[in-house]
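No value in this document is a laboratory result; all are computed from the given coordinates. What you are looking at is a predicted structure, and each value in this text was computed from that prediction instead of being measured. Neighbour counts run over all protein chains shown; Cβ positions are idealised from the backbone, glycine included.
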Amino acid sequence: MSAGEMDAIGRRARDSVPYLFPEHISEVDRLDVQHYAIRAEIQGNYLAPLDRPQRILDVGSGTGQWAFELCEEFPDAVVVGFDLVASKANAPANYCLVRGNLLQGDGLPFADDSFDFVHQRFLVAGIPLQSWPEAVRRLVAVTRPGGWIELVESSYEVNPGGPATRRLFDLIGAAASLRGLDGTGEVGRRLPDYLAAAGAGAVQAGTLTVPIGEWAGRAGSLGAADFRAAASRLTDVVESELGVDRDEYWELIATALQECEQHRSRYVIPYAYGRKPPC
Ligand SMILES: C[S@@+](CC[C@H](N)C(=O)[O-])C[C@H]1O[C@@H](n2cnc3c(N)ncnc32)[C@H](O)[C@@H]1O
């Protein structure tokens, strides 16, 4: 298949999705900043107790940075990224991207029981609230018995938070809800339920937090850069769908960041992982 045909498939796949974040080259930088902020927090790339996985799937792989690092950590493994859009250039030799839409068809385009580890991070802006149980069922279906599934998600919460930050999240949540996406943080709270309902056992859940602001040194600078970039990328959505003036919105982002600095706030990131029962 030619690169042009691949792009056409990618465009068609994108046209039929509710994904909140617009496609733009700066989104690559934002996703990588976000990745480094989380990696600094957990001192690694996953939480499940993996034992030398041979086949790894990253659903909604974005730039591919997480998957590229798994390729390095597990050089004998094959790591597959699955996304609407292409990954960054210079992928490791043991990385492979499959382009497609998680929400289309009857399931993921992989055989059942075929991955040792299935990871999905930050898809709350792409999977409608009502589709979450089915989406997680699809992840569990392609995991081999005894393999692990890990979900890491965004929330609408910084802790402690101030009024501007709350209003900012309320606006973003309202825009998300208009598209049928989670606008309140329900997905993050229900991650363990989705896994259990899809048949996973040994489910563990908790929250990570990423500091926002210079008060926390380099990790906080990364967190603040991601917060600013993510909120800014939604300017057009908030303006067109909620009628909020863009200058007012940018002022709100700046005030929210000041609040995070003053309160020493941390962004809350819910996670859950579970194991497909061994045969
Ligand atoms: C916020 S990014 C997260 C990327 C990566 N998981 C990370 O943590 O850096 C969400 C990704 O999900 C992809 N995505 C959104 N909706 C999707 C769908 N229906 N099927 C496949 N991928 C989707 C987007 O293209 C984007 O690359």
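The table below lists the values:
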| read-out | value |
| --- | --- |
| Highest to lowest packing among 37-45, 124-132, scored as the average C-beta count within 10 Å | 124-132, 37-45 |
| Neighbour-count order for His35, His119, His263, fewest beta carbons within 10 angstrom listed first | His263, His35, His119 |
| Difference of contour (0.36 nm per residue) and Cα-Cα distance, Thr207 to Gln104 | 34.1 nm |
| Distance histogram for the chain (every C-alpha pair counted, 10 angstrom bins, percent rounded to whole numbers) | 7, 29, 37, 22, 6, 0 |
| Residue order, fewest to most beta carbons within 10 Å, for Ser221, Ser240, Ser61 | Ser240, Ser221, Ser61 |
| Within the chain: Cβ-based charge dipole about Cα centre, in debye rounded to nearest 20 (Lys, Arg +1; Asp, Glu -1) | 540 |
| Sorted peptide list for 89-102, 225-238, 266-279, criterion being average Cβ within 10 angstrom, highest first | 266-279, 225-238, 89-102 |
| Rounded to 5, percent antiparallel among DSSP beta bridges of the chain | 45 |
| Selection from Ala176, Ile127, Gln258 lying farthest towards where the dipole of the chain points positive, charges on Cβ | Ile127 |
| Size-normalised alpha-carbon gyration radius of the stretch 176-244, reference 2.2 N^0.38 Å | 1.50 |
| Positive-end extreme of charge dipole, the chain - chosen from His35, Pro145, Tyr267 (charges on Cβ) | Pro145 |
